Amino acid sequence: MFPIHDDTPRTNGRPYVNYGLIAINIIIFIYEAIITSYFSNIGNLFSNYGAVPNLILSGQNLVSLFSSMFMHGSIAHLLGNMFFLYVFGDNLEDRFGHYKYLMLYLLWGIIASFAHSIYAISTGSGDVPAIGASGAISGVLGAYLIFFPHAKIHTIIFAFFITTVRIPALAYIPFWFIMQLIFALIGQSGGVAYLAHIGGFLAGVGTAYFWKFFSHIFNGPSVVNSKIDKMSQYQPLKNDLPDTDVSPEIIIGNGFMDIIIQARGIHMDANIQTEFDNSTNILSVQISEFNKTYSIPIPNINNSVLKISSVSVLNGVIKIRLEYEQ
């Protein structure tokens, strides 16, 4: 199963850091190919800049903790990692912000290297350098699972035929993690640092949980109302219709609020009528295609006057943006 894209919309512009990380990995790979005559003499380069477990745990050549996560041993190694980073990384940058995302990405890569180093020394392979971005990207997967469990991952399936399916992140990512555990337990290495994947993934999960419950300490409260202050930035809201088959969620930003509705099967040109009542803070969403009207309670942000600025549909997701003056 190979992911090609997800259906989680971004709300804070382009993921420049994620694009930059992909570009740096590609540039360094090209540089590797040039200085090693197309990988004919790669050993010294990996030994100098790869993460050698014996050296790492003895406090030597610690710069390799950073350099190793931007190096790859083959075009397949590079492309596989970059596709995963492209699919899952942009939404985390959207959530954390550019600077914090970069710092966390590097942190996850470092934790992954330490996890692999401990395991490698215990198995007698402490002198073999480890390279690749997969440890840091495993952290991306872990955090993505916590923040966007209901996102749909468009995935290519290779079997007796080739097809694409939409798999919930809550199924796709745990399956991926279980496979890493199985391969690690049975000792199926093949040059893959599975403990780096496991360590990075758990670091990403832990970071995301910490962020969800304590982000208000770093960012300050989004609104004045004490009940709303306790909301995470991406919290499910209950709908007042008992037969609803959508799950509204809310993202509060600077001067805007995005209402995200997962609506399976809806077409991009669907007729959607919206109305917001500032006196009751109720957003009414009428979807003719479903023959339903939804009433969604909206948080009161500093008694601001909200107005609907845009409505869009993409890949089964309805995004309604409300704007307000700060």
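The values are calculated or read from the model by the stated rules, or taken from the named source; none is laboratory data. Here the structure is a predicted model, which is why all the values come from computation and not from measurement. Cβ coordinates were reconstructed from backbone atoms using ideal geometry, including for glycine residues, and neighbour counts include every protein chain displayed.
Quick look at the numbers
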| item | result |
| --- | --- |
| Test set (1) out of contact with any helix residue (DSSP H, G or I) (no Cβ under 7 Å at 6 or more places or on another chain); (2) in a helix (DSSP H, G or I); (3) modelled with pLDDT under 95 - S37 fails condition number | (2) |
| Test: residue in the stretch 61-78 that is in contact (Cβ under 8 Å) with a residue 40 or more places away in the chain and in contact with a His (Cβ under 9 Å, 6 or more places away or on another chain) | yes |
| Single residue of the stretch 42-63 satisfying the filter (in a loop (DSSP other than H, G, I, E, B) and among the β-branched types (V, I, T)) that is farthest from W108 (Cα to Cα) | I42 |
| Residue within the stretch 180-194 that is at pLDDT 95 or above, surrounded by 14 or more Cβ atoms within 10 Å (Cβ to Cβ), outside any loop (DSSP other than H, G, I, E, B) and hydroxyl-bearing (S, T, Y) present | no |
| Of all residues making up the stretch 276-288, the number that are closer than 16 Å to N300 by Cα and touching a strand residue (DSSP E or B) at 6+ places or on another chain (Cβ under 8 Å) | 6 |
| Matching residues, the stretch 91-113, being surrounded by fewer than 21 Cβ atoms within 10 Å (Cβ to Cβ) and part of a helix (DSSP H, G or I) | H98, Y99, K100, L102, M103, L106, L107 |
| Condition met for F66 (in the same structural domain as D127 (by TED's automatic domain parsing), assigned to a helix (DSSP H, G or I) and over 16 Å from G135 (Cα atoms)) | no |
| Residue ID - surrounded by the fewest Cβ atoms within 10 Å (Cβ to Cβ), chosen from residues in the stretch 124-146 that are closer than 17 Å to L55 by Cα and in contact (Cβ under 8 Å) with a residue 40 or more places away in the chain | D127 |
| For A143: the one exception among (1) assigned to a helix (DSSP H, G or I); (2) small (G, A, S); (3) over 18 Å from P9 (Cα atoms) | (3) |
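Yes/no matrix, rows are residues, columns are (1) under 28 Å from I167 (Cβ atoms); (2) among the hydroxyl-bearing types (S, T, Y):
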{"residue": "M1", "(1), (2)": "yes, no"}
{"residue": "R10", "(1), (2)": "yes, no"}
{"residue": "Y19", "(1), (2)": "yes, yes"}
{"residue": "I22", "(1), (2)": "yes, no"}
{"residue": "N25", "(1), (2)": "yes, no"}
{"residue": "I34", "(1), (2)": "no, no"}
{"residue": "S37", "(1), (2)": "no, yes"}
{"residue": "I42", "(1), (2)": "no, no"}
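To keep it simple, each residue is scored yes or no on (1) among the small types (G, A, S); (2) surrounded by 14 or more Cβ atoms within 10 Å (Cβ to Cβ); (3) under 30 Å from F147 (Cβ atoms); (4) assigned by TED's automatic domain parsing to the domain that holds L170.
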| position | (1), (2), (3), (4) |
| --- | --- |
| P9 | no, yes, yes, yes |
| R14 | no, no, yes, yes |
| I22 | no, yes, yes, yes |
| F29 | no, yes, yes, yes |
| S37 | yes, no, no, yes |
| G43 | yes, no, no, yes |
| L55 | no, yes, no, yes |
